[in-house]
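Student: Right, I'll just put the structure down here and ask away after.
None of the figures in this text is laboratory data; all of them are computed from the coordinates on show. Note that the structure is predicted; figures quoted are calculated from it, not measured. Here the Cβ is made from the backbone with ideal geometry for all residues, glycine too, and neighbour counts use every protein chain on show.
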Amino acid sequence: MMFRPRESYDQRVLTSHVNISPEPAHLRYVQDVFGNCVGVAKFSALAAELTFESRVRLEHAPLPAFADVDGEIEPYLGAMPFAYSPEDMPDLLRSLERQYPDPDGVLEHWARRFVNRSGPTSLQGLLAQMTQAIHADFRYEARVEIGTQTPLETLALGRGSCRDFAMLMIEAVRSLGLAARYVSGYIYSPSRSRLRSDSSGHGHTHAWARVYLPACGWVEFDPTNGIVGNSDLIRVAIARDPRQAVPLHGAWQGVASDFLGMDVEVNLVTEDHRRRVPGVAGIGVAA
């Protein structure tokens, strides 16, 4: 299980607890290769239902995506891969690799519509425009099916879930030579005037993309809701591919007809933080 948010300068976990029913015979926590917190539970008793209730309190203090950057961020010159430093390249290589085939260059052609035909391209503009284009041009739909659509399927259908849109953007920027990763977590929407409680991804686990820019580090982009930066986005897991950041998975014994389905619900609320540091919101997460 991946329930515990990742701690960083912009989010700090205050309390975290998981109630599991039936109680597992063994429960331990490990960090995976990406540094995500992973809970591993094993059971010894029979049960008619299995439930996980995760409750987290955290402080969330996001910063603007391109804050405190002196001058223009490195422009995109059309070179592949992007001009990352020799020190960074060994650690970014797997995040540069394409995960889905694009034999006819359809996805790359779509990505290049955001690149100036002559002269350098502002990376802020390129990534922001791509984020907004996916938000505006594609229809969001919740999908209960296991797995992720390929980026080519999402392009052809013009619709998808948040994880489909995240992978579309990730593979698109990778086709331009930029390093990108997949983020799984939660979105808190009521605090945004343009994103009401019915915004896409609210009430469920959510997914978005992050791109590495030397002057800024990892910057987050939510194409489902058109968000640039990590405002209202709570990171839980980061990976190269959605299959490495599944919130909950496992195996059970029984006949096929025993499984009746699975329900997922995520509730995020802000606490009264008038006594807290200005600009820092206390957020409670129940999943």
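Student: Kindly write out, for the range 108-123 in residue order, the coupling ³J(HN,Hα) from the Karplus curve 6.51 cos²θ - 1.76 cosθ + 1.60 (θ = phi - 60°), rounded to whole Hz, with x marking Gly and Pro.
Tutor: Result, rounded to whole Hz: 5, 4, 5, 5, 6, 5, 9, 9, 4, 5, 9, x, x, 10, 5, 5.
Student: Which order results if ILE227, ILE20, ILE134, ILE146 are arranged by neighbouring Cβ count within 10 Å, fewest first? Can you show the working numbers first?
Tutor: On the way: ILE227 22, ILE20 16, ILE134 25, ILE146 7.
So the ranking, lowest neighbour count to highest, is ILE146, ILE20, ILE227, ILE134.
Student: Under a plain spin-label model, where a point goes 7 Å from the Cα along Cα-to-Cβ, how far apart in nm are ALA136 and GLU53?
Tutor: Rounded to a tenth, the inter-label distance reads 4.4 nm.
Student: Read phi for every residue in the range 225-230 and hand back ³J(HN,Hα) as whole Hz from Karplus 6.51 cos²θ - 1.76 cosθ + 1.60, θ = phi - 60°, with x for Gly and Pro.
Tutor: In residue order, the calculated couplings are 10, x, 9, 9, x, 10 Hz.
Student: Divide the volume of the convex hull of the Cα atoms of the range 1-139 by its number of residues and quote the answer in cubic angstrom per residue.
Tutor: Looking at the range 1-139, the number lands at 223 Å³ per residue.
Student: Follow-up question, since we're still on this one. May I have the pair-distance distribution P(r) for the chain, computed from all Cα-Cα distances with 10 Å bins from 0 and rounded to whole percent?
Tutor: 6, 27, 34, 23, 9, 2, 0
Student: Relative contact order (percent) for the range 1-70, with alpha-carbon contacts under 8 angstrom and 6 or more residues of separation? Let's see the in-between values first.
Tutor: Details: 103 pairs, mean separation 30.0, N = 70.
So the answer I get is 43 percent.
Student: Evaluate E = 1/(1 + (r/R0)^6) for ASN19 and GLU74, where r is the Cβ-Cβ distance and R0 equals 45 Å; express this FRET efficiency to the nearest 0.05.
Tutor: Values: r = 47 Å, r/R0 = 1.04.
Rounded to the nearest 0.05, the efficiency is 0.45.
Student: Would you calculate the volume per residue, in Å³, of the smallest convex hull containing every Cα atom of the range 89-244?
Tutor: On the way: hull volume 18.6 nm³, N = 156.
Hull volume normalised by residue count: 119 Å³.
Student: Taking other Cβ within 10 Å of each residue's Cβ, how do GLU97, GLU171, GLU153 sort, fewest first? Write down the numbers at each step before the final one.
Tutor: Working: GLU97 11, GLU171 22, GLU153 14.
Ranking GLU97, GLU171, GLU153 by Cβ neighbours within 10 Å, fewest first, gives GLU97, GLU153, GLU171.
Student: Okay, next question. Between LEU157 and TRP252, take the C-beta separation as r, use R0 = 41 Å, and let me know the FRET efficiency to the nearest 0.05.
Tutor: Details: r = 32 Å, r/R0 = 0.79.
Working from the Cβ atoms, E equals 0.80.
Student: Further question: Can you give the local net charge around ASP102? Use residues other than it whose beta-carbon is closer than 13 angstrom to its beta-carbon, Lys and Arg +1, Asp and Glu -1. Present the calculation step by step, with values, prior to reporting the outcome.
Tutor: Numbers: positive: ARG98, ARG112, ARG174; negative: GLU97, ASP104, GLU108, GLU153, GLU171.
Value of the local net charge: -2.
Student: Which whole-number percent gives the relative contact order of the chain, counting Cα pairs below 8 Å spaced six or more residues apart? Intermediate values should be presented prior to the final figure.
Tutor: On the way: 532 pairs, mean separation 65.7, N = 287.
With pairs under 8 Å counted, the relative contact order is 23 percent.
Student: What full-extension length gain, to one decimal in nm, is calculated for LYS42 and MET89 as 0.36 nm per residue of separation minus the Cα-Cα distance?
Tutor: Numbers: separation 47, 0.36 × 47 = 16.92 nm, distance 3.90 nm.
The LYS42-MET89 span can extend by a further 13.0 nm.
Student: If you plug each phi of the range 21-30 into the Karplus form 6.51 cos²θ - 1.76 cosθ + 1.60 with θ = phi - 60°, what whole-Hz ³J(HN,Hα) values come out, in order, with x for Gly and Pro?
Tutor: Here the 3J(HN,Hα) series is 10, x, 5, x, 6, 9, 9, 9, 10, 9 Hz.
Student: At what distance in nm do the modelled label points of ALA215 and ARG12 sit from each other, each positioned 7 Å from its Cα along Cα→Cβ?
Tutor: Each label point lies 7 Å from its Cα, and together they span 3.0 nm.
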